[in-house]
Amino acid sequence: MKNKFYFIATLVFVLLSIFVWVGTYNNWWIPGPEKRAEKHKFIIPSRLYGIPIDSFKVKEYVVKRDQNLSDILAKWGLSASQIGTIDENARQVFDLKMIKSEHKYAVFIKKKTKEPCFIVYEDSPLQYVIFKLYGDYQVEIGKQQQVKQHRLVAGVVKSSLWATMTEENICPMLAISLSDIFQYSIDFFGIQPGDKFRVIYDETQVGGQTIEINRIYAAEFVHQGKSFVAVPYVQNGKLRFFDQLGRSLRKAFRKAPLDYFRITSRFTNSRFHPILKIYRPHHGVDYAAPIGTPVYSIGDGVVEKKAFQPSGGGNYLLIKHNDTYTTSYMHLRNFADGIGPGTKVKMGQVIGYVGRTGLASGPHLDFRVYLKGTPIDPLTMVSPNADPIQGKEVKPFRKYSNPILKQLASIPFDAGRKKQALRFFP
């Protein structure tokens, strides 16, 4: 009898154990994490600018011309006292004078009471300002969530570079970055159908929209059948772009000392002077431009002279770039702050402003270039390349650039836009 009892008890125990194990494994009767989550599901409310919007109706607007925060608040029924409190609180965190027309703002309206509770102004793609319209009327600065993406992109130009990037879902700001990198090699106003590009770079996104092009690791642009390659590398403490052979893409000099200009007189040995009414050499180029137009140094150098030349040049600067080249800038209205004899200047640095001082019939810049003291035509001068990779930097540059260029070359030009999570280079 006892044996029969033990047998039945053992059998029941085993069957119960199997039932419990199987039931638990399949979530039959003991609710596991997934089942409990389904039974007690917590819905995370949707948020906009960090504010839960389930109980709000959100309306979006654009700041109109000459509209300020007081105008906006008054439109939504806030009293002068309430507006004053918000204005006082805002001064602690945000300058209300910085509210600009065409910027977006959103109004959060309570669904039940139809009362406005928040106004959020987009100060920039990365920052917004929350104005609380009840209680303590606090004002807070908020930051948009940023996402960094690593991109491998390529494309073939059909009509324009900008349009091609838009069609391939590539941020067109990349076109600006490429024009900066290849500005000494490619005329981006002359881009033609059939030109192509491929780039490896990082970008910053907010809400799925690219707001900034970050580090560019490598780029190739094929223009009129000729390939131009760029790899960034730090040499002598300066970040520069070099080609696959270590030659700098940066030229020693800008093409012109002005951004916007019209050439009114060229380099010649005999020009009729409009004021003196005589023929004499004009060993420079005259760039007509409005008074006050910034004038840039065409290259790195040191200011040798800053003076007024009563014989004709007016306010002028003489800059020595190296043992070979010197440049002069005449008829300036005035000089940039901090510019004087001995001042070191960089390529593209503002050194003065267009004027009509001296013997000048109108506002213009008389620009001259000297090769070892002899004047040469600035328009036909061939600008030398900046310092190439050399000496002990050659091996580190090759070690750094070879894997990047290998990966760049593996991207088909018709690849469009791709997302890459891993990097296969330093």
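The values are calculated or read from the model by the stated rules, or taken from the named source; none is laboratory data. Worth saying up front: this structure is predicted, and the values here are computed from it rather than measured. Ideal geometry is used to build each Cβ from the backbone, glycine not excepted, and the neighbour counts take in all protein chains shown. Just so you know, the surface numbers come from the protein's heavy atoms only, side chains and all, with ligands and any DNA or RNA stripped out. Shrake-Rupley method; radii C 1.70, N 1.55, O 1.52, S 1.80 Å.
For the reader, a short list of remarks on this structure follows.
- Among the residues of region 136-149, the one identified as modelled with pLDDT of 90 or more, open to solvent by less than 70 Å² (accessible area, probe 1.4 Å) and not in a strand (DSSP E or B) is TYR137.
Listed here are the residues, each with its yes/no results for (1) within 30 Å of ILE216 (Cα to Cα); (2) surrounded by fewer than 17 Cβ atoms within 10 Å (Cβ to Cβ); (3) among the small types (Gly, Ala, Ser).
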residue	(1), (2), (3)
ASN89	no, no, no
GLU115	no, yes, no
SER124	yes, yes, yes
LEU152	yes, no, no
ILE191	yes, no, no
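- Among residues of region 374-395 that are surrounded by 10 or more Cβ atoms within 10 Å (Cβ to Cβ), those with a Cβ under 8 angstrom from a residue that is part of a helix (DSSP H, G or I), sequence gap 6+ or separate chain, pair up as ILE389/PHE397.
- Single residue of region 239-255 satisfying the filter (outside any strand (DSSP E or B) and within 12 Å of GLN183 (Cβ to Cβ)) that is least open to solvent (accessible area, probe 1.4 Å): LEU249
- Members of region 91-102 that are closer than 17 Å to GLN138 by Cα and surrounded by 14 or more Cβ atoms within 10 Å (Cβ to Cβ): PHE94, LEU96
- Note on region 165-196: residues that are over 19 Å from the mean Cα position of the chain (by Cα) and either among the charged types (D, E, K, R) or within 19 Å of ASP414 (Cβ to Cβ) (or both) amount to 9.
- Of the residues making up region 300-355, just one is open to solvent by 50 Å² or more (accessible area, probe 1.4 Å), hydrophobic (A, V, I, L, M, F, W, C) and over 20 Å from PHE253 (Cα atoms), namely PHE308.
- Inside region 194-238, residues that are in a strand (DSSP E or B), under 28 Å from GLN145 (Cβ atoms) and open to solvent by 40 Å² or more (accessible area, probe 1.4 Å) make up a count of 5.
- Any chance LEU249 is touching a Phe, Trp or Tyr at 6+ places or on another chain (Cβ under 8 Å) and either modelled with pLDDT under 85 or closer than 22 Å to TYR201 by Cα (or both): yes
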